[in-house]
Every structure is written in structure tokens, then in C-alpha cells.
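S.K.: First the structure, then my questions, so here it is.
None of the figures in this text is laboratory data; all of them are computed from the coordinates on show. All values reported here derive from a predicted model rather than from experimental measurement. Cβ placement follows ideal geometry from the backbone for every residue including glycine, while neighbour counts extend to all protein chains displayed.
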Amino acid sequence: MRRDLGPSTFERIMKDKKRKIQFDKGYRNFLLSELITALMERDHVSVRQLAKEAKISPTVVQSIRSGHQKDLMTQNFLTIIDKLGFDFELREREGPKMIVISVENNQIIARPSDKHLR
């Protein structure tokens, strides 16, 4: 039988608006870091290899992997994703539209997706 101990420490912290915003931002950075790390491991790509192909500093790639890169530049993120063999898709929340964002000749390209949702 479990006694009601009230809200957890995490639940209490998340009630504070400023702390919740700070947590959410850190969690998004963590997810991007984990995504890039998982893709690198899947393809057996080293930090130096990826940095060379993406034409960015190995320090930047390592900072992203470790979660220390606080403000990941869109260009760097899209270039890394491109070099790992992926495009980035945006899906409209309340509709069927999708946009594919890719990097071609060091330019960010956005185009409608061929996929149809719903």
C-alpha cells in the first residue's frame, strides 16, 4: 500500500514557469545531441570524419555530441544531418502539409514534400 507523498521534486520544479522553460530548452538540446550521436554511431562516423565532411570544427561536433553546444546553428545542424544521409522534414500540426529541408551545395533548400499525410 502506497502512501500519498504529494508531488515529487520534479513535479514541484516544473510548476515554476522559469525553471520549466529552462528545463525544456535543455531537454531539446539533449535530444538533438542524442539524435546526432545515435546517427554517428549507426554509420560508424567519427567526430573528425563528420567535421571534415560538414566543413565545421571538430570542437563544434564534439560540443553537440556532449550536449555542451547550447545554441546549435541551423546551418550546422542541417549540414550534419545531410552528411549523415538525412533530410529534415517539417509537418504542419493541423494539416496535411510537409516541407523537406535539405542542404545542397552549402545552401539550405526548402521544398514541399512528396509525402501525403492523412
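S.K.: From zero up to wherever the largest Cα-Cα distance of the chain sits, split into 5 Å bins and tell me the percent of pairs in each.
M.R.: P(r) over the chain, rounded to whole percents: 2, 10, 16, 16, 15, 13, 10, 8, 4, 3, 2, 0, 0.
S.K.: Give me the dipole magnitude in Debye, nearest 20, for the chain about the Cα centre, with unit charges on the beta carbon: positive for Lys and Arg, negative for Asp and Glu.
M.R.: 600
S.K.: Based on Cβ point charges of +1 for Lys and Arg and -1 for Asp and Glu, what charge dipole magnitude is obtained for the range 77-118 about its Cα centre, in debye rounded to the nearest 20?
M.R.: Here the range 77-118 has a charge dipole of around 160 debye.
S.K.: Taking the number of other C-beta atoms within 10 Å as the exposure measure, put ARG93, ARG65 in order starting with the fewest.
M.R.: Ordered from fewest to most neighbouring Cβ atoms within 10 Å, ARG93, ARG65 come out as ARG93, ARG65.
S.K.: Among all lysine pairs in the chain that are eight or more places apart or on different chains, how many have alpha carbons less than 18 angstrom apart?
M.R.: 8
S.K.: I've got another one for you. Specify which residue in the list SER57, PHE23, LEU84 is farthest towards the positive end of the charge dipole of the chain, using unit charges on the beta carbon of Lys, Arg (+1) and Asp, Glu (-1), about the Cα centre.
M.R.: So the residue furthest toward the plus end is PHE23.
S.K.: Specify the residue with the greatest mean-square fluctuation among LEU50, LEU39, LEU90, computed from a Gaussian network of the chain linking alpha-carbon atoms under 10 Å apart.
M.R.: Largest GNM mean-square fluctuation: LEU90.
S.K.: Which residue fluctuates most in the GNM of the chain (Cα springs below 10 Å): THR59, THR79, THR37?
M.R.: Most flexible of the set in this elastic network: THR59.
S.K.: Need one number: nm distance between label points at THR37 and GLU94, each 7 Å from Cα along Cα→Cβ, rounded to one decimal.
M.R.: Between THR37 and GLU94, the simple spin-label model gives 3.7 nm.
S.K.: Oh, and also: Taking 0.36 nm per residue of separation and subtracting the Cα-Cα distance, what length does fully extending LYS15 through HIS44 add?
M.R.: Using 0.36 nm per residue and subtracting the Cα-Cα distance, I get 6.3 nm.
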